[in-house]
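In what follows, a structure is listed as C-alpha cells, so that the remarks can point back to it.
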Amino acid sequence: GGWTGTGDTLVTNAYKKWHDRWVWSFNVYSIWDTNMYPTSPQNCDAKSKASVAISYTQNILATARKRIKQTTGGDHNPIWVGENGWSSPMPQGHPLFPFCKQYDSMETFKAAYEAFMNWDLSLPGGLTGPEFAFYFTMRNAFNGGAQEHFGLIDRCEDANCKIYTAKSVAHSNFTMEQPPDFIM
C-alpha cells in the first residue's frame, strides 16, 4: 500500500475534521535507515557523512510535503519534526560496523548535531519547511531497556556536553557554567 492520502484513512479524516489544527509530525532518523548503512570500508566515509547531512532530513520531509498535498491540496499545512538525532556509540540493538569506526564516532555525532543546529528549516525545491524541529535528546536514556546514546550529555548530573572539548571551548564562548538562554 503506502500512504496515498485518499480515501477513508485516519490522516484523511483527521485533516477533514481539524484542517490546519492537525499538525503533521515526523521523526526523521537516518540512523535506522538500512540504505544508509555502510557496507564496506570503501563506502564508510561517504555513508557516514551522508547519514548525518541535513539533506537526508530535508529530502524525507520534501517527500512528506508532497504526499501531504495529496491529502490536503495545500502547500503550507503545518509540519513538525518531532525527533531528529544521532547516537554515539550506536544504541543497543543497532548493527555495528567494525570496518567503519567513523560511523558511530563522536566526530560523526558532532557533525549530526551541527548540521541540525545550522539548518534553517528549509526544504529543497522551495517547498514549505517545518514550523518546528526538535533534537532528540538532551541526555542518554534507556528505551525499552536498551541503552541509547542520542543525548548531548551522558547523565543528568553531567555539566558538559558529550562533544565538549578544550579545543572547541577555545573557539567558543559557550560553556555549561554559563548556559545560553535557550537551555534555561
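Here are some notes:
- The residues of segment 111-128 that are over 13 Å from Ser55 (Cβ atoms), in a loop (DSSP other than H, G, I, E, B) and touching a residue at least 24 places away in the same chain (Cβ under 8 Å), listed by number, are Leu127, Thr128.
- Within segment 129-146, considering residues that are in a strand (DSSP E or B) and within 21 Å of Tyr164 (Cβ to Cβ), the one most open to solvent (accessible area, probe 1.4 Å): Arg139
- Identification of helices (runs of 4 or more DSSP H) wholly contained in segment 1-98 with 1 or more residues that are open to solvent by 10 Å² or more (accessible area, probe 1.4 Å) and at pLDDT below 95 yields 10-18, 54-72.
- Test result for Met117, open to solvent by 40 Å² or more (accessible area, probe 1.4 Å) and either farther than 22 Å from Ile60 by Cα or of a type in the set (Asp, Glu) (or both): no
The values are calculated or read from the model by the stated rules, or taken from the named source; none is laboratory data. In this text, all values refer to a predicted model and were calculated from it rather than measured experimentally. Reconstructed Cβ throughout: ideal geometry from the backbone, glycine too, with neighbour counts over all protein chains shown. These area figures cover heavy atoms from the full protein model, side chains too; ligands, DNA and RNA do not enter into them. Shrake-Rupley method; radii C 1.70, N 1.55, O 1.52, S 1.80 Å.
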